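Structure record follows, encoded as structure tokens.
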Amino acid sequence: RLEGAFALVFLFAGKHDLLICARRGTPLAIGYGDGEMFVGSDSLALAPLTRHIAYLEEGDWAVVTSKKVQIFDRANNPVAREVRETALSGALIGKGNYRHFMQKEIFEQPAVIGDTLQALINPATRTIHLPELPFALGDIGKITLLACGTAHHAGLVAKYWLETLARIPVEADIASEFRYRAPAMPRDGAAIIISQSGETLDTLAALRYCREAGQKIIAVVNQPESTIARESDVILPTLAGPEIGVASTKAFTTQLAVLAAFTIALARARGTIDADEEGRLAGQLAEVPSRASEVLHHDEAIQKIAQEVALARDVLYLGRGTSYPLALEGALKLKEISYIHAEGYAAGEMKHGPIALIDDNVPVVVVAPPDNLFEKTFSNIQEVCARGGKVVMISDAAGIARIGESCAFGVPVPHCAPFVAPLLYTIPVQLLAYHTAVLKGTDVDQPRNLAKSVTVE
């Protein structure tokens, strides 16, 4: 008798036309071909082989031959599972002229952000159009954002946006911690579940907890056929396309794009912004793809800065407001693909401990857009410089000019509205991690001990 989560496929000696497969807690999909069948973890794994896929539900098991598939539920009753045609194709999964998938996916961001926003913004009216919802946005009284890893950082950015613009109580929690503290949830609440794969086990468990607590479930996923998508009330898809690199890049920025559009729609529904403000914010979002292309023009300059970072054993990342989650994301990216120890902090916390680490061997990456918190962040930069620290400052040209060349490397970002800064300022952070990892000679696309989709606790 098996316990825990598993996805199993049995092949029998002497019976080459028979597979028995079963799942519990971990996803399993069956691909339908012409005179052939396939079994894999998800549509991405099966994309080079077929576009016709059925997902087994919790507790299902199946008998698979080259001619047919028989599926049974946990009570051993024959059942039919919908065969869906996925948009993925094996032709989409390739590095092209890029050295790594991660590099390719960073440079795809202007296009995929544009695709994602095009599905949400009416360019003529500059209004936000979400998919049809089975509930009224204005009836939501509280929002809980649940995710793991990079997706959690997207949720933290959205928390700032939602509280500031929509004036609604928001909780952003790590899914693996959330369900074990048995949180009380209001009946008028909504849970936004964020996941690239749509199969993250801890996030799925948090979704089910919220479902039992009577929450409206909104999924922000990159795989519309995934378990999280199927178990949600509404899907807000990120149109990032296949993301092969383990370190998430374009999935993160498209998550931000979706969450930004949702924030505008919710704020409008709650009456905290008027039609003119909706148009102004939607217009700022619509400009992000072209501005993102401008950021990528600084790739060579960031590569030179990476030569300094690659020599370090420790790196600190600082940010305030929506830039604080970007500091967390930058530290995560660097440590997971370059294996350099890195930590992200709210810049105001520097004097509460991290400042003791600063010397000329510890680079400090500061995410400092020209927002209402810039002067406070600038003060932190001066404190680092006074202690002999090396600063990598990510800001616009005016911000970089303030610091001079005495202790800082500058990474210029086009001037932009504070609302959309997270979508643009994350790109230099990604490029810095990428080039540092290349210099360190690590496996950028498949770093050690990590998996693209975490389907176990």
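Tell me which residues, restricted to the range 391-408, are crowded, with 22+ Cβ neighbours inside 10 Å and not β-branched (Val, Ile, Thr).
Listed by number, the residues that qualify are 393, 395, 399.
Does the range 426-445 hold any residues that are under 13 Å from residue 299 (Cα atoms) and either surrounded by fewer than 24 Cβ atoms within 10 Å (Cβ to Cβ) or not assigned by TED's automatic domain parsing to the domain that holds residue 413 (or both), and which are they?
Across the range 426-445, the qualifying residue is only 435.
Show the residue pairs that are 6+ apart or on different chains and have beta-carbon atoms under 7 Å apart, the first residue being within the range 55-81 and under 20 Å from residue 45 (Cα atoms) and in the same structural domain as residue 10 (by TED's automatic domain parsing), the second being surrounded by 15 or more Cβ atoms within 10 Å (Cβ to Cβ) and among the basic types (Lys, Arg).
Correct list of pairs: 55/81; 56/23; 56/81; 57/81; 58/24; 60/23.
Go through 216, 250 for me and flag whichever is in contact (Cβ under 8 Å) with a residue 40 or more places away in the chain and surrounded by fewer than 24 Cβ atoms within 10 Å (Cβ to Cβ).
Values: 250 fails: surrounded by fewer than 24 Cβ atoms within 10 Å (Cβ to Cβ).
Of 216, 250, the one residue that is in contact (Cβ under 8 Å) with a residue 40 or more places away in the chain and surrounded by fewer than 24 Cβ atoms within 10 Å (Cβ to Cβ) is 216.
Could you figure out which of (1) loosely packed, with under 15 Cβ neighbours inside 10 Å; (2) among the charged types (D, E, K, R); (3) not in a helix (DSSP H, G or I) isn't true of residue 177?
Result: residue 177 passes all but (3).
If you take the residues in the range 97-127 that are touching a Lys or Arg at 6+ places or on another chain (Cβ under 6 Å) and of a type outside the set (A, V, I, L, M, F, W, C), which one is farthest from residue 264 (Cα to Cα)?
Within the range 97-127, the match that is farthest from residue 264 (Cα to Cα) is 98.
Could you please let me know if residue 427 is among the aliphatic types (A, V, I, L, M) and without any contact (Cβ under 8 Å) to a residue 40 or more places away in the chain?
Numbers: among the aliphatic types (A, V, I, L, M): yes; without any contact (Cβ under 8 Å) to a residue 40 or more places away in the chain: no.
Considered against the rule, which asks whether it is among the aliphatic types (A, V, I, L, M) and without any contact (Cβ under 8 Å) to a residue 40 or more places away in the chain, residue 427 comes out as no.
Only one of 306, 282, 292 is assigned to a helix (DSSP H, G or I), under 21 Å from residue 341 (Cα atoms) and touching a residue at least 40 places away in the same chain (Cβ under 8 Å). Can you tell me which?
306
Hey, can you tell me all the residues within the range 336-353 that are in a helix (DSSP H, G or I) and farther than 19 Å from residue 379 by Cβ? Full working, then the answer.
Kept after step one, since they are in a helix (DSSP H, G or I), are these residues of the range 336-353: 336-338, 347-352.
Answer for the range 336-353, where residues must be in a helix (DSSP H, G or I) and farther than 19 Å from residue 379 by Cβ: 336, 337, 338.
Yes/no matrix, rows are residues, columns are (1) surrounded by 23 or more Cβ atoms within 10 Å (Cβ to Cβ); (2) modelled with pLDDT under 95; (3) more than 23 Å from the chain's Cα centre (by Cα):
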position	(1), (2), (3)
226	yes, yes, no
278	no, no, yes
284	no, no, no
313	no, yes, yes
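Might you check whether a residue that is part of a helix (DSSP H, G or I), farther than 16 Å from residue 425 by Cα and outside the structural domain of residue 152 (by TED's automatic domain parsing) occurs anywhere in the range 318-335? Steps first, answer last, please.
Here is the first cut: in the range 318-335, the ones part of a helix (DSSP H, G or I) are 323-335.
Cutting the leftovers down to farther than 16 Å from residue 425 by Cα gives us 335.
After this cut, where a residue has to be outside the structural domain of residue 152 (by TED's automatic domain parsing) as well, the list is 335.
Yes, the range 318-335 contains at least one residue that is part of a helix (DSSP H, G or I), farther than 16 Å from residue 425 by Cα and outside the structural domain of residue 152 (by TED's automatic domain parsing).
Go through the range 340-361 and give me each residue that's modelled with pLDDT of 90 or more and of a type in the set (Val, Ile, Thr).
340 - this is the single residue of the range 340-361 that is modelled with pLDDT of 90 or more and of a type in the set (Val, Ile, Thr).
Output the residues belonging to the range 26-38 that are surrounded by 17 or more Cβ atoms within 10 Å (Cβ to Cβ), small (Gly, Ala, Ser) and out of contact with any His (no Cβ under 9 Å at 6 or more places or on another chain).
Within the range 26-38, 29 is the sole residue that qualifies.
Under 6 Å between Cβ atoms, which residue pairs at least 6 apart in sequence (or on different chains) link something in the range 163-178 that is over 23 Å from residue 205 (Cα atoms) with a partner that is of a type in the set (Gly, Ala, Ser)?
Sorted first by the residue in the range 163-178, then by its partner, the pairs are 165/267; 166/267.
Among the residues of the range 104-113, are any out of contact with any Pro (no Cβ under 7 Å at 6 or more places or on another chain), under 19 Å from residue 236 (Cα atoms) and without any contact (Cβ under 8 Å) to a residue 12 or more places away in the chain?
no
Conditions (1) closer than 27 Å to residue 302 by Cα; (2) modelled with pLDDT under 95, marked per residue:
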{"site": "87", "(1), (2)": "no, yes"}
{"site": "90", "(1), (2)": "no, yes"}
{"site": "98", "(1), (2)": "yes, yes"}
{"site": "113", "(1), (2)": "yes, no"}
{"site": "122", "(1), (2)": "no, yes"}
{"site": "134", "(1), (2)": "no, yes"}
{"site": "154", "(1), (2)": "yes, no"}
{"site": "175", "(1), (2)": "no, no"}
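Quick test of your reading of the structure: residue 197 fulfils all but one of (1) among the hydroxyl-bearing types (Ser, Thr, Tyr); (2) part of a helix (DSSP H, G or I); (3) touching a Pro at 6+ places or on another chain (Cβ under 9 Å). Name the failing condition by number.
In the conditions (1) among the hydroxyl-bearing types (Ser, Thr, Tyr); (2) part of a helix (DSSP H, G or I); (3) touching a Pro at 6+ places or on another chain (Cβ under 9 Å), residue 197 misses (2) alone.
For residue 190, only one of the following conditions fails: (1) more than 22 Å from the chain's Cα centre (by Cα); (2) part of a strand (DSSP E or B). What is its number?
So residue 190 meets the others, but not (1).
Being part of a helix (DSSP H, G or I) and either touching a residue at least 60 places away in the same chain (Cβ under 8 Å) or not small (Gly, Ala, Ser) (or both) is the filter here; which residues of the range 219-246 pass it?
As a first pass, look at the range 219-246 and keep what is part of a helix (DSSP H, G or I): 227-230.
Within the range 219-246, 227, 228, 230 qualify.
The values are calculated or read from the model by the stated rules, or taken from the named source; none is laboratory data. Source: prediction; values computed, not measured. When we count neighbours, we look across all protein chains shown, and the Cβ atoms used for this are built from the backbone with ideal geometry, even at glycine.
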